[in-house]
Structures are given as structure tokens and as C-alpha cells.
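The values are calculated or read from the model by the stated rules, or taken from the named source; none is laboratory data. Just so you know, these numbers come straight off a predicted model, no measurement behind them. As a convention, Cβ positions derive from the backbone with ideal geometry for all residues, glycine included, and neighbour counts pool all protein chains shown. With ligands, DNA and RNA removed, areas are computed over all heavy atoms of the protein, side chains included. Shrake-Rupley method; radii C 1.70, N 1.55, O 1.52, S 1.80 Å.
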Amino acid sequence: MRSILTILTGIMLVCSALADMVTALRPTINDAAAKHGVDPVLMEAIIRHESANATSSAARRKNNLAGIMGKKGQRKYQSKEECVHDLARLLAKYRAKGRTTVPQIARVYCQSTSTWVRNVNSYMSQIRSGKFGPLEQQQTAE
């Protein structure tokens, strides 16, 4: 029993550290969001959901934190920061077409819209409540 608790504690610490990887990207998220006029909280929520807090295979192997697809499957990025900027560009494109709410974005972003909407909204609430650290420097775009 004690070894199981030790293992679970270790797993929780690793997951916590990986979640902090996303938090560490907040300056990049903020810059990209400001440049493209999109909501940084929405961006972070999409990243957390799509990459399972930076633990997914695509996040590790392709630096694709946002599940962004290309013609040949998931896109590969030179860095996680490049992916963040591409996500902001993509969300700005959606915004220009009038897609500003999570459900509107989901219709073109993913296949499982109800699950995606629920999870992204949940992450947005958690981010705003401070679960992943304070948002002092992160501001929501109008």
C-alpha cells in the first residue's frame, strides 16, 4: 500500500510539473493573443485540453500543443512557441469570420464538439480561478 501511494505521489508530481510547462508558456500565449486580438485564457484552455497539459504524444514529438491539423495530419512545429503563435493566428481567422464563442469555434476546430466545448470551458474556469497560478499578467482580449 505504501509503495502504491509513493508511485501515485510521483505521478501527481510529474503531472503537476508538466502542467507547469503550459503555465510557463503564458508570456508567449499573452504575446500571441495580444498580437492577434484573441483571448489568452481561451488559448491556454485549448492547449491544456488538446495536449493533456503538454503530455500528449503530439505535444512531445511534434511540439503541437493545440491539436492543429494540416493536410497530412497533425502539424509539426519547430517549437512549442511556434505552435502557440499558430493557434493565435487560427483563432484570429475564426474571429474574423464571426466565430467568437467556444461552441462556434468547436464546430470548425474539432469533431467531438460537445465534449470539446465542455472540456475547454472547464479549463477556462479553472484557469480563471487560479488553479494553474495567478493570471496577473494574463489579460482577456476584448
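Values as computed for the structure displayed
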item	result
Residues of the stretch 64-87 classified as under 13 Å from Ala33 (Cα atoms), open to solvent by 30 Å² or more (accessible area, probe 1.4 Å) and not acidic (Asp, Glu), total	1
Which numbered condition Ala52 misses (of (1) within 17 Å of Lys131 (Cβ to Cβ); (2) crowded, with 20+ Cβ neighbours inside 10 Å)	(2)
Criterion: closer than 20 Å to Asn30 by Cα and either among the aliphatic types (A, V, I, L, M) or touching a residue at least 40 places away in the same chain (Cβ under 8 Å) (or both) - qualifying residue of Ala88, Ala106	Ala88
Which listed residue, of Lys62, Lys80, is charged (D, E, K, R) and touching a Leu at 6+ places or on another chain (Cβ under 6 Å)	Lys80
Flag for Tyr123 being more than 16 Å from the chain's Cα centre (by Cα), surrounded by 16 or more Cβ atoms within 10 Å (Cβ to Cβ) and at negative phi	no
Sole exception among (1) buried (at least 18 other Cβ atoms within 10 Å of the Cβ); (2) at pLDDT below 95; (3) aliphatic (A, V, I, L, M) for Ile11, by number	(1)
Complete set of residues in the stretch 31-49 that are closer than 13 Å to Val102 by Cβ, open to solvent by 20 Å² or more (accessible area, probe 1.4 Å) and either of a type in the set (Phe, Trp, Tyr) or part of a helix (DSSP H, G or I) (or both)	His49
Filter result (among the β-branched types (Val, Ile, Thr) and either touching a Gly at 6+ places or on another chain (Cβ under 6 Å) or at pLDDT 95 or above (or both)) within the stretch 102-114	Val102, Ile105
Hits in the stretch 126-137 - residues which are at pLDDT below 95 and within 14 Å of the chain's Cα centre (by Cα)	Phe132
